[in-house]
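Q: Please read through the structure below; I'll follow up with questions.
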Amino acid sequence: MNVFKRVVWVCAAASLAACGGPEESPSQVSLGEQESALTTTSFGGCTFTISYTTVAPPFPPVYVVKLTRQASGTCPYPAATVDLGQSYNTPDLNVLGTAVGLSASFSTKGGLSGSSPTVCSVRHIDPATLATIRDAFVGANFGRGSVYGCRLDQTDAGTTLVAYGTKTGLLPGEPTTSTHSNWVATYYNFFTSTTPGVYYTY
C-alpha cells in the first residue's frame with residue numbers, strides 16, 4: 001500500500017509546479033508550447049510522443065492512449081507505436097525522459113457509468129521495446145472519487161519521479177477529515193525499484 005505523508009518536505013522535493021506554482025507565467029509560455037512539453041520528450045537519443053486516438057463506434061467513444069517513438073539519426077531504434085491503455089473520458093497525458101529512465105502517465109476512466117472513477121497510471125517504459133516495466137497508479141480510496149492531471153516531474157537527478165494533479169475523494173492513508181483537492185505522489189528510485197509512492201495533499 002502506498003504511504004501517505006502530510007509533511008512539507010515532500011512538497012519541497014517536487015518542483016514549484018508540482019506544488020501549485022507555475023514555473024513560468026502564461027505570458028511567457030504559450031498553451032501550445034506547454035502542451036507540447038507535456039506530450040513530447042527525449043531519452044537515449046530518441047524522441048517519444050504520447051497521444052490518444054478516438055474510437056467510435058462504440059458510443060460513447062473510447063480514447064486509446066498511444067506512445068510513439070520517432071525514427072531519427074540519433075535514435076538506435078526504429079519508429080514504433082504501442083497502445084498504453086484506454087479511457088472512457090478524455091485522458092490527461094504526460095511523458096518524461098529523465099537522466100535515468102523514460103516515464104509516461106495518463107488518466108483513465110475504466111467504465112461507462114458516471115460513478116466510475118478516474119485514476120492516474122504512472123508507467124516506467126522500456127525505450128527499446130516500449131513495454132511497460134512498472135505500472136503504478138493513483139486512485140481514490142475504494143473508488144470513491146477520482147484523480148486528474150497526471151503530470152510528471154523529477155528530482156534527485158532524475159532518480160525520483162513526481163506525479164501530481166487534482167482529485168476528489170481521499171487517497172489511501174489520507175485522514176477522513178481532509179478536504180484537500182490537490183495531490184503529489186513521490187516515487188523514490190522509481191526506475192530501479194518498486195518502492196511505493198509517498199502521498200502529499202494540499
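The values are calculated or read from the model by the stated rules, or taken from the named source; none is laboratory data. Worth saying up front: this structure is predicted, and the values here are computed from it rather than measured. Don't worry about glycine lacking a Cβ; one is built from the backbone with ideal geometry, like all the others, and counts go over all protein chains shown.
Q: Collect the residues in segment 83-108 that are among the aliphatic types (A, V, I, L, M) and out of contact with any Leu (no Cβ under 8 Å at 6 or more places or on another chain), keeping them in residue-number order.
A: Result: ALA99, VAL100.
Q: Select, from GLY197, GLY101, GLY158, the only residue that is buried (at least 22 other Cβ atoms within 10 Å of the Cβ), more than 28 Å from THR53 (Cβ to Cβ) and modelled with pLDDT of 95 or more.
A: Exactly one of GLY197, GLY101, GLY158 is buried (at least 22 other Cβ atoms within 10 Å of the Cβ), more than 28 Å from THR53 (Cβ to Cβ) and modelled with pLDDT of 95 or more, namely GLY197.
Q: Here's a follow-up. If TYR88 passes every condition in (1) out of contact with any strand residue (DSSP E or B) (no Cβ under 6 Å at 6 or more places or on another chain); (2) at pLDDT 95 or above but one, which one does it miss?
A: Of everything listed in (1) out of contact with any strand residue (DSSP E or B) (no Cβ under 6 Å at 6 or more places or on another chain); (2) at pLDDT 95 or above, TYR88 misses just condition (1).
Q: Let me ask you something else. If I filter segment 134-153 down to residues being of a type in the set (Gly, Ala, Ser) and in contact with a strand residue (DSSP E or B) (Cβ under 7 Å, 6 or more places away or on another chain), which single residue comes out as nearest to LEU84 (Cα to Cα)?
A: Top of the filtered list is ALA136.
Q: Looking at ARG151, is it under 13 Å from the mean Cα position of the chain (by Cα) and either surrounded by 19 or more Cβ atoms within 10 Å (Cβ to Cβ) or more than 30 Å from PHE43 (Cβ to Cβ) (or both)?
A: For ARG151, the condition - under 13 Å from the mean Cα position of the chain (by Cα) and either surrounded by 19 or more Cβ atoms within 10 Å (Cβ to Cβ) or more than 30 Å from PHE43 (Cβ to Cβ) (or both) - is met.
Q: So, in segment 48-65, how many residues would count as being more than 14 Å from THR129 (Cα to Cα) and either surrounded by 12 or more Cβ atoms within 10 Å (Cβ to Cβ) or aliphatic (A, V, I, L, M) (or both)?
A: 12
Q: Out of curiosity, is ASP135 under 20 Å from LEU38 (Cβ atoms), buried (at least 18 other Cβ atoms within 10 Å of the Cβ) and modelled with pLDDT of 95 or more?
A: It is false that ASP135 is under 20 Å from LEU38 (Cβ atoms), buried (at least 18 other Cβ atoms within 10 Å of the Cβ) and modelled with pLDDT of 95 or more.
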